[in-house]
Structure formats: C-alpha cells, structure tokens
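Peer 1: My questions all concern the structure below.
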Amino acid sequence: MPENSAMAAFVAELPKVELHVHLVGSASPATVARLARRHPGSGVPTDLTELREFFTFRDFDHFLTVYWAVQSLITTSADIHDLVVGLAADLSAQRCRYAEVTVTPYNHVLDGLSGDALLEGLASGRNAAATEHGVDLAWCFDIPGEKGTTAGRETLIFALRNRPDGLVSFGLGGPEIGVGRALFEPFFTAAREAGLHSVPHAGETSGPATVWSAIHDLGAERIGHGTSSAADPALLAYLAEHRIPLEVCPTSNVRTRQVESVAAHPVRRLLDHGVLVTLNTDDPPMFGATLNGEYLTVAECLGLTRTELVALAGNAVRASFLQDTRKEALLAELASVG
C-alpha cells in the first residue's frame, strides 16, 4: 500500500473529537439545495454545480455573506433536526465520537425561527445523533459579534433561561475587525458564573491583540482559531504555559484567504512552541473539508508522524468539555490505535 494510502487508512481509524464546527456551516450541499428549493426567493442556488460556485469564497466577508444566506433558509424545527442528524452522520463516518457544535440562537430567531422550535430541533436531533449514529453532541451558544451588545444580551438570556441538555459553552463569532472582544465582557462573565465555558473566536482575521483580549476580558478557556497567535512569542508562551487550547481549522483558513496554503499555515509553529492545538473543520461542506481530511492534509503538508497525529487527536479529547471518565475511555482507545 502506498504511504499516502496507508496514512489515509490510519487517519480513518483514529477515534476523534470535533470542537469547532458551526451547525449552519455543517449543512451538506444536498441539504442546502433542498432548503433552497423550499425558499426560491433566497438567492441560494438549488443546483449542486451552481452551489459549488456559490461556495467559492473570495475573502472572509464574502464567506459571511454566503453563510448568512444559508442561515436564512432554516425556519423550522425539522430543518434544525435535519441539520443535526446530517452532521452526526458525517461525523460518525469519520469515527468522530463526540462534537461540540456552535449554534447561534440570535440569528435563527431573527430569521423567523422561534426559540421553542430551535430547542425542539436541537433536542430531537441530538437524541437521534446518539441513537442512530453513535455520536454524542454538545452545544456552544454563540453571539454573532457584528450585531453588538443586543445580541450578546439576548444570547445570554436565551442560554441561561432555557439551558438545554448538552449546552456546555458560550462563544463569540462573526467578524473580528471592529468588533472588540471586551465589548462582550459582561455577558461572558455572567455565562461563566452560571457554569458555561468560555470559547470565543479570536485571532482568525485579526492580530494577537484580539487573542489577548479574549483571554483577559472574556476568560477564554479555549480560543476559536487563534492562528495569529503565532506572530507573538509572548502569547505563544502564555498559551503553552496555561494550556489554553486553540481550535485550529486549516482548510477554513485557506478557503477564507487567511493563509496561502496548509503548508504555509502556522500550525507547525504553534505545535513547536508547545501550544495545545486541536484540528477542526469549522464549516466543512462549505469549505470542502472533512475531519479526516484535516488530519491527513496537515500530516502530508507538515510532515507529521503517526505519533504526532495521535497526539493531536488526544489534544482534542483533553481540550473538550467531556466528563473525565469519557476522556479516559477515548484516550485509551486512541492509545490502542497508536
């Protein structure tokens, strides 16, 4: 068997955890086309070939425009259920045992989905994910940062008032430039006091200062992306010393033009400085990414060994908000593969 084929087979067998995937961004092209046919005035193509062109992003702002267009198609609990189960099926096929999925309630409600319908779809989808696909799902409710403090307040209220099963964390997404992390400090403080973990995006489209702010102002326990941390030696040392994991999404960064290629991605520098790096897909079908593909591409482009890939998979387990007993079981399973 050629080495690349052998490595692909090895990656396919690794039990995995996904920590950075957006529910809306997880919709497969077939699902998006089906939803678009239900909403013919949405501007989202219904033809799969046209959808592939639609998902060719010019830059990060264009990606957000496309993402919001897909978001607008989701208007019923059945839509949410289908998204959740579709994601679980994709994860199960890649031996992903557990995922923490980012959901943006504020945007769904703005687009006409009632809070009750959202919660109903999440609950039924989560149950089906476990029973039909053997994948445990947890939720991160995140603030769409571009919508300001109103979105922050409403997201916090929705999260704490409803507190659905599986809700483990509180996040912040959307554009970073012009949307300071410190603006959302009161909401993160309240969420943390209520027992939710802090997992804001930072350092994806802006510099290391945004990561520092996420840590100091929002009490970040993990950082979404955080790739610009590589430009600040002091930040690298801090992340490594305090074991603050980064949810790295290499293909996403390439597709949104944040890095030139996976080979040019700072993940190697992050690892070399002892940072706890995890590999994730972000918005997989939109970016043509898979969890298996992230591991394989990083291995091939950066020359990682099988031992290093097992360590990366272990990082995701350790960085997750799973109970310790589940972590130990997954780490034992990983050790048997490695």
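Peer 1: Does any residue in the stretch 271-292 that is more than 16 Å from V310 (Cα to Cα) come within less than 9 Å, Cβ to Cβ, of a residue that is assigned to a loop (DSSP other than H, G, I, E, B) and among the charged types (D, E, K, R) six or more places away or on a different chain, and which pairs are these?
Peer 2: Listed by first residue and then by second, the contacts come to A289/D283.
Peer 1: Working only within the stretch 255-270, note down all residues that are in contact (Cβ under 8 Å) with a residue 24 or more places away in the chain, of a type in the set (A, V, I, L, M, F, W, C) and surrounded by fewer than 23 Cβ atoms within 10 Å (Cβ to Cβ).
Peer 2: Passing the criteria: V259, V262, A263, L270.
Peer 1: So in the stretch 189-223, with the set limited to residues that are farther than 15 Å from T278 by Cβ and among the charged types (D, E, K, R), which one is surrounded by the fewest Cβ atoms within 10 Å (Cβ to Cβ)?
Peer 2: Restricting to residues being farther than 15 Å from T278 by Cβ and among the charged types (D, E, K, R), the top hit is E193.
Peer 1: Would you mind stating whether D324 is among the acidic types (D, E), surrounded by 17 or more Cβ atoms within 10 Å (Cβ to Cβ) and modelled with pLDDT of 95 or more?
Peer 2: When the stated conditions are applied, D324 does not pass them.
Peer 1: Just the residues that are closer than 18 Å to F321 by Cβ, within 19 Å of the chain's Cα centre (by Cα) and surrounded by fewer than 19 Cβ atoms within 10 Å (Cβ to Cβ), please, taken from the stretch 139-163.
Peer 2: None - no residue of the stretch 139-163 is closer than 18 Å to F321 by Cβ, within 19 Å of the chain's Cα centre (by Cα) and surrounded by fewer than 19 Cβ atoms within 10 Å (Cβ to Cβ), so the list stays empty.
Peer 1: If you don't mind, there's one more thing I want to ask. Mind listing whichever residues of the stretch 168-182 are surrounded by 22 or more Cβ atoms within 10 Å (Cβ to Cβ) and either farther than 15 Å from I223 by Cα or in contact with a helix residue (DSSP H, G or I) (Cβ under 7 Å, 6 or more places away or on another chain) (or both)?
Peer 2: F170, L172, G173, E176, R181
Peer 1: Given the options Q71, Q94, name the one that is modelled with pLDDT of 95 or more and either more than 20 Å from G174 (Cβ to Cβ) or surrounded by 17 or more Cβ atoms within 10 Å (Cβ to Cβ) (or both).
Peer 2: Result: Q94 is the single residue among Q71, Q94 that is modelled with pLDDT of 95 or more and either more than 20 Å from G174 (Cβ to Cβ) or surrounded by 17 or more Cβ atoms within 10 Å (Cβ to Cβ) (or both).
Peer 1: Closer than 21 Å to F10 by Cα and touching a Cys at 6+ places or on another chain (Cβ under 8 Å): is that true of V317 in this structure?
Peer 2: no
Peer 1: Looking at the stretch 154-162, is at least one residue small (G, A, S) and touching a residue at least 40 places away in the same chain (Cβ under 8 Å)?
Peer 2: Yes, there is a match, as at least one residue in the stretch 154-162 is small (G, A, S) and touching a residue at least 40 places away in the same chain (Cβ under 8 Å).
Peer 1: Here is a further query. Considering (1) touching a residue at least 40 places away in the same chain (Cβ under 8 Å); (2) under 23 Å from V66 (Cα atoms); (3) in contact with a helix residue (DSSP H, G or I) (Cβ under 8 Å, 6 or more places away or on another chain), say which one E120 fails and leave the rest.
Peer 2: Among (1) touching a residue at least 40 places away in the same chain (Cβ under 8 Å); (2) under 23 Å from V66 (Cα atoms); (3) in contact with a helix residue (DSSP H, G or I) (Cβ under 8 Å, 6 or more places away or on another chain), the lone unmet condition for E120 is (2).
Peer 1: Got a number for residues in the stretch 1-28 being under 17 Å from V44 (Cβ atoms) and either crowded, with 22+ Cβ neighbours inside 10 Å or not small (G, A, S) (or both)?
Peer 2: Total satisfying the criteria: 6.
Peer 1: Within the stretch 11-34, identify whether any single residue is free of Cβ contacts under 8 Å to residues at least 12 places away in the same chain, more than 20 Å from T104 (Cα to Cα) and not polar (S, T, N, Q), and answer yes or no.
Peer 2: Yes; the residues of the stretch 11-34 include at least one that is free of Cβ contacts under 8 Å to residues at least 12 places away in the same chain, more than 20 Å from T104 (Cα to Cα) and not polar (S, T, N, Q).
Peer 1: Pick from the stretch 29-64 the residues that are hydroxyl-bearing (S, T, Y) and modelled with pLDDT under 85: which of them is surrounded by the most Cβ atoms within 10 Å (Cβ to Cβ)?
Peer 2: T31
Peer 1: Which one of these is in contact with a Cys (Cβ under 9 Å, 6 or more places away or on another chain), closer than 26 Å to S42 by Cβ and at pLDDT 95 or above: V103, V135?
Peer 2: Among V103, V135, only V103 is in contact with a Cys (Cβ under 9 Å, 6 or more places away or on another chain), closer than 26 Å to S42 by Cβ and at pLDDT 95 or above.
Peer 1: I'm told A231 meets every condition in (1) exposed (fewer than 15 other Cβ atoms within 10 Å of the Cβ); (2) within 30 Å of P29 (Cα to Cα) except one. Can you identify the failing condition by its number?
Peer 2: Here A231 meets the rest and fails (2).
Peer 1: As an exercise: evaluate G226 against (1) at positive phi; (2) surrounded by fewer than 16 Cβ atoms within 10 Å (Cβ to Cβ) and give the number of the one condition it does not meet.
Peer 2: Of the numbered conditions (1) at positive phi; (2) surrounded by fewer than 16 Cβ atoms within 10 Å (Cβ to Cβ), the odd one out for G226 is (2).
Peer 1: Okay, next question. Hey, any hits in the stretch 283-294 for a residue that's over 18 Å from the mean Cα position of the chain (by Cα), farther than 26 Å from E185 by Cβ and of a type in the set (S, T, Y)?
Peer 2: no
Peer 1: For Y106, indicate whether it is in contact with a strand residue (DSSP E or B) (Cβ under 8 Å, 6 or more places away or on another chain), in contact (Cβ under 8 Å) with a residue 12 or more places away in the chain and either crowded, with 24+ Cβ neighbours inside 10 Å or farther than 14 Å from N162 by Cβ (or both).
Peer 2: Here the answer is no, as Y106 does not meet what is asked.
The values are calculated or read from the model by the stated rules, or taken from the named source; none is laboratory data. All of these numbers come straight from a predicted model, not from anything done at the bench. Positions of Cβ are backbone-derived with ideal geometry, glycine not excepted, and every protein chain shown enters the neighbour counts.
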